[in-house]
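Notes to accompany the following structure.
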Amino acid sequence: MLRVLLLTFVVFSFGGVRSFLSANGDEKNSIALNPDLAACEARTTAGNNEKYYALTTPALAIYNRVMSLDLDGAQADIDAFRSKYPTNLAAEHLESYLDFFRLYLKGDERLNERLSARFDRRIDALDQGDENSPYYRYALAEARLHRSLIHLRFERHLSAFRELNKANKLLRDNAILFPDFLLTYKDLGLLHAAVGSIPPQYKWGVELFSSLNGTIQEGREEMELALTNKESPFLLETEVLYAFLELHLAGEQEAAYRKVNALGLTPKTNALHCFIMANLAMRSGRNEIALRILEGQPRGGRVADFPYLDFMLGLVKLRNLDPTARIHFQSFSVRYPGRHFKEEAQQKIAWSYWLEKDEAGYLRAMERIGGGSQAGGDQNAAREAARQRAPHPELLRARLLFDGNYCTRARAQLESIDVKTLTEQEHLEYLYRTGRVLDGLADYDGAISFYLRTVQLGRENPAFYACKSALQAGLIEEKRAKKAQAREYFNNCLNISPAEYKTGLHLLAKAGLDRVK
């Protein structure tokens, strides 16, 4: 259940990237955040050793640099800032962002070992701050949130949960002591929404081991409260976080895409903006738009490498049945030093060969999959490799085309299949994928018919098809305002336990149940 909670919290973006964006670090915003800025600066000049937090104009410039992924330049600026203002704890907060990005973009466990001492030093420093300041608990909570997500990335689930629980207590106390300090609700809202989406069978564990509680609606309201702080330089970050909450927990793909698309992000010059916009385009069925965004991604220069963007570029090309997608998966595999996503990338390389009917190429690629990562996509790749059998070619093409929202082409692939030639497992997949394609074409009655047949035949099957079919049937009925039917299907989803993707599917079903109460 620890992994369930943390996976929910990080679902808002790539592996948990939760602090994304640049903001204008002008003096107005700086003063709005800290009305005693001048006094703080004076204390430093006078040699006062009392620790304080002031998000000054130089500090905001560093924040901007971190969010543009110029991490080496930002580190140099932090070192200079700390030397000039040794008692301003903003340096510790900013360095927490920086180390988080270094570790999450690279996934390098050896680097994590080198940076772990910096985390301990950072917590000790932040703990010396002024407890009468709303920034004291807020900055400590953010540092612990960053660290919990790094623990999760490296599958240290108990350590991750401990840090998350400590962060929650800090944020909860901050909300009580400083109810008008709206930055608190940015993080607290995400935590409450995440806890609220945990399926019932896992709730007892959260209640037993932590002080965490909340609902999706409570989290949305707190995020909306944070968004009323129009003077905050973190406003853009909060707006994007809220859009991802709407995307994943409220099922509002179109609304989330429109919100972010209206923010004026610059994906050609900012790799994080590129990730955000491409991610939302892919999840809202805009594969061609995602392709254009990712092909125009910034490369080289001073910014940190972001190899996962090439993984995404490979995906959007593969979803249009373009075998050159493997170039991008190969680029990702070479550049990414971590162990996560590697098996899935190799699987996608194998699929690119299979699209060209190159079975030998497919088998060679699949032989390189060894397992070891607990990521859902990697585990799925390892299961396929263990079967030592290529997927049904038309079913694979239909799957990829549907994922790219090319539903008419996907339907043609399915109609070309002689169902009498399918194995029992392939027939189950055929029913599921037909339902998905009809769903995409807005033939909802037809889709539910195929979903129900999939549930009937596949309830005890280890594949995810039945569980996902029940979820999708619930989403259709929710869309058609048939709440009773939607609840029935969402509960049905929760009562099916496939060997793959169960956690994510159950989280989405629980979120659906909360929406159709």
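The values are calculated or read from the model by the stated rules, or taken from the named source; none is laboratory data. Predicted model, so just to flag it, every value in this text is computed and none were measured. As a convention, Cβ positions derive from the backbone with ideal geometry for all residues, glycine included, and neighbour counts pool all protein chains shown.
The rows are residues; the columns are (1) of a type outside the set (Ser, Thr, Tyr); (2) within 30 Å of residue 230 (Cα to Cα); (3) surrounded by fewer than 17 Cβ atoms within 10 Å (Cβ to Cβ); (4) in contact with an Asp or Glu (Cβ under 6 Å, 6 or more places away or on another chain).
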| residue | (1), (2), (3), (4) |
| --- | --- |
| 280 | yes, yes, no, no |
| 294 | yes, no, no, no |
| 297 | yes, yes, no, no |
| 339 | yes, no, no, no |
| 357 | yes, no, yes, no |
| 363 | yes, no, yes, no |
| 371 | yes, no, yes, no |
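Residue 381 satisfies every condition listed in (1) under 24 Å from the mean Cα position of the chain (by Cα); (2) surrounded by 24 or more Cβ atoms within 10 Å (Cβ to Cβ); (3) at pLDDT 95 or above except (3).
Summed over region 149-196, residues that are of a type in the set (A, V, I, L, M) and at pLDDT 90 or above total 9.
Can you pull out the residues in region 435-473 that are within 16 Å of residue 510 (Cα to Cα) and in contact (Cβ under 8 Å) with a residue 40 or more places away in the chain? Lay out the reasoning, then the answer.
Initially, region 435-473 is screened for residues within 16 Å of residue 510 (Cα to Cα), giving 467-473.
Once the filter is applied, which keeps residues that are within 16 Å of residue 510 (Cα to Cα) and in contact (Cβ under 8 Å) with a residue 40 or more places away in the chain, region 435-473 yields only 471.
Reported count of residues in region 225-241, each being closer than 26 Å to residue 281 by Cβ and in contact (Cβ under 8 Å) with a residue 24 or more places away in the chain, is 9. Within region 479-488, being within 11 Å of residue 509 (Cβ to Cβ) and in contact with a Phe, Trp or Tyr (Cβ under 8 Å, 6 or more places away or on another chain) holds for no residue. With respect to the conditions (1) within 27 Å of residue 374 (Cα to Cα); (2) in contact (Cβ under 8 Å) with a residue 24 or more places away in the chain; (3) over 26 Å from the mean Cα position of the chain (by Cα), residue 483 falls short on a single one, namely (1).
All told, residue 450 falls short of being under 24 Å from residue 314 (Cβ atoms) and crowded, with 22+ Cβ neighbours inside 10 Å. Here the condition is being outside the structural domain of residue 66 (by TED's automatic domain parsing) and in contact (Cβ under 8 Å) with a residue 12 or more places away in the chain; of 276, 327, it holds for 327 alone. Of the helices (runs of 4 or more DSSP H) lying entirely inside region 219-293, those containing at least 2 residues that are basic (Lys, Arg) are 253-261.
Please tell me if residue 145 is buried (at least 21 other Cβ atoms within 10 Å of the Cβ), more than 23 Å from the chain's Cα centre (by Cα) and not assigned by TED's automatic domain parsing to the domain that holds residue 341. For residue 145, the condition - buried (at least 21 other Cβ atoms within 10 Å of the Cβ), more than 23 Å from the chain's Cα centre (by Cα) and not assigned by TED's automatic domain parsing to the domain that holds residue 341 - is not met. Of everything in region 497-511 that's modelled with pLDDT of 90 or more and part of a loop (DSSP other than H, G, I, E, B), which residue is surrounded by the most Cβ atoms within 10 Å (Cβ to Cβ)? Across region 497-511, the extreme among qualifying residues is 498. Of all residues in region 318-340, at least one satisfies being out of contact with any Gly (no Cβ under 6 Å at 6 or more places or on another chain), in a loop (DSSP other than H, G, I, E, B), modelled with pLDDT under 95 and of a type outside the set (Lys, Arg). Taking the listed residues 321, 309, 294, 315, the one that is free of Cβ contacts under 8 Å to residues at least 24 places away in the same chain, under 29 Å from residue 504 (Cα atoms) and not basic (Lys, Arg) is 294, with no other qualifying. The one condition from (1) buried (at least 20 other Cβ atoms within 10 Å of the Cβ); (2) in contact with a Gly (Cβ under 8 Å, 6 or more places away or on another chain) that residue 455 does not meet is (2). Whenever a residue of region 406-434 is assigned by TED's automatic domain parsing to the domain that holds residue 456, its partners that are polar (S, T, N, Q) and in a helix (DSSP H, G or I), lying with C-beta atoms within less than 7 angstrom and at least six residues away or across chains, give the pairs 414/434; 428/454; 431/454; 432/454; 432/469.
What tally of residues in region 62-120 results from selecting those that are touching a helix residue (DSSP H, G or I) at 6+ places or on another chain (Cβ under 8 Å), under 22 Å from residue 308 (Cα atoms) and polar (S, T, N, Q)? Of the residues in that region, 3 qualify. Hey, among 306, 311, which residue is crowded, with 19+ Cβ neighbours inside 10 Å, modelled with pLDDT of 95 or more and of a type outside the set (Gly, Ala, Ser)? Exactly one residue qualifies, and that residue is 311.
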